[in-house]
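Below is one structure; the comments refer to it alone.
The values are calculated or read from the model by the stated rules, or taken from the named source; none is laboratory data. Because the structure is a prediction, the values reported are computed rather than measured. Glycine also receives a Cβ, built like all others from the backbone with ideal geometry; neighbour counts cover every protein chain displayed. For the accessible areas, the whole protein counts, side chains as well, though only heavy atoms, and no ligand, DNA or RNA atoms are used. Shrake-Rupley method; radii C 1.70, N 1.55, O 1.52, S 1.80 Å.
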Amino acid sequence: MRSAVFDAANLAAIANALAGVKPVAGRLATSTIRGIVVIDDSYNSNPRSIRAALSAAREVADGLGARLVIAMGDMLELGAMSAAAHQDAIRDIMRAQPAEFVAVGPEMRAALEVVAGSKLPPNVLAAPDSAAAANQVPGLLQAGDVLLIKGSRGIAMERIIAALA
């Protein structure tokens with residue numbers, strides 16, 4: 001088996017090619033809007049992808065020494081597993097220790113009430129839908145924050161990003 005030789009020219013070509021790769025919208029796509037690092041993972045949501053997105057967002061925030069703000073929308077099409085999956089997601093979010101958390105949608109709200117009780121911590125808000133969240137989230141942010149936006153496609157969490165821009 002022949003091994004590849006990576007000289008400076010090859011490495012530079014690889015670096016240039018990678019620099020031109022554009023993130024896929026809604027799939028952990030990172031951008032900066034008004035001094036806020038936005039991690040847009042709004043294309044789809046399920047329990048496993050929530051854990052992965054939370055891990056990535058926490059790592060980015062810690063690496064930057066930044067506050068982590070999370071806007072998490074409902075996961076759709078989970079059937080009988082929906083309530084338990086949303087409650088697990090709330091627990092996973094709380095373990096990530098966000099500075100601010102906005103639960104978006106009726107499933108997230110119901111799970112939040114089961115896990116946190118009727119008296120929510122001051123850094124936790126609930127929004128009935130992404131339009132309401134788009135009004136709430138910008139006011140929670142500070143320059144330098146990392147914002148994770150996640151939810152199933154049908155929840156339209158990209159409205160929050162539009163409100164920031």
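Note on the stretch 35-74: residues that are assigned to a loop (DSSP other than H, G, I, E, B) and at pLDDT 95 or above total 5. Close contacts from the stretch 23-52, counting a first residue that is open to solvent by 30 Å² or more (accessible area, probe 1.4 Å) and a second that is assigned to a helix (DSSP H, G or I) and modelled with pLDDT of 95 or more, with Cβ to Cβ under 7 Å and a gap of 6+ residues or different chains, come to LEU28/ALA53; LEU28/ALA56; PRO47/ALA85; PRO47/ASP88; PRO47/ALA89; ARG51/ASP92. Comparison of ALA143, ALA61, ALA165 shows that the only residue that is open to solvent by less than 50 Å² (accessible area, probe 1.4 Å), closer than 26 Å to ALA25 by Cβ and out of contact with any Pro (no Cβ under 6 Å at 6 or more places or on another chain) is ALA61. Those residues that are part of a helix (DSSP H, G or I) and not aliphatic (A, V, I, L, M), I need them from the stretch 93-121; list them, please. ARG95, PRO106, GLU107, ARG109, GLU113 - these are the residues of the stretch 93-121 that are part of a helix (DSSP H, G or I) and not aliphatic (A, V, I, L, M).
Taken together, the criteria exclude VAL137 from residues that are touching a helix residue (DSSP H, G or I) at 6+ places or on another chain (Cβ under 7 Å) and surrounded by fewer than 17 Cβ atoms within 10 Å (Cβ to Cβ).
Within the stretch 109-128, can you find the residues that are within 13 Å of MET72 (Cβ to Cβ), open to solvent by less than 70 Å² (accessible area, probe 1.4 Å) and touching a strand residue (DSSP E or B) at 6+ places or on another chain (Cβ under 8 Å)? Listed by number, the residues that qualify are ALA111, LEU112, VAL124, LEU125, ALA126, ALA127. Tallying residues that are of a type outside the set (A, V, I, L, M, F, W, C) and closer than 16 Å to LEU141 by Cα within the stretch 59-73 yields 2. Just to be sure before I move on: is ALA15 among the hydrophobic types (A, V, I, L, M, F, W, C) and either closer than 17 Å to GLY154 by Cβ or surrounded by 12 or more Cβ atoms within 10 Å (Cβ to Cβ) (or both) in the structure I sent? So ALA15 does not fit the description; no. From the list PRO98, PRO106, the lone residue that is in contact with a Pro (Cβ under 8 Å, 6 or more places away or on another chain) and either of a type outside the set (Asp, Glu) or surrounded by fewer than 18 Cβ atoms within 10 Å (Cβ to Cβ) (or both) is PRO106.
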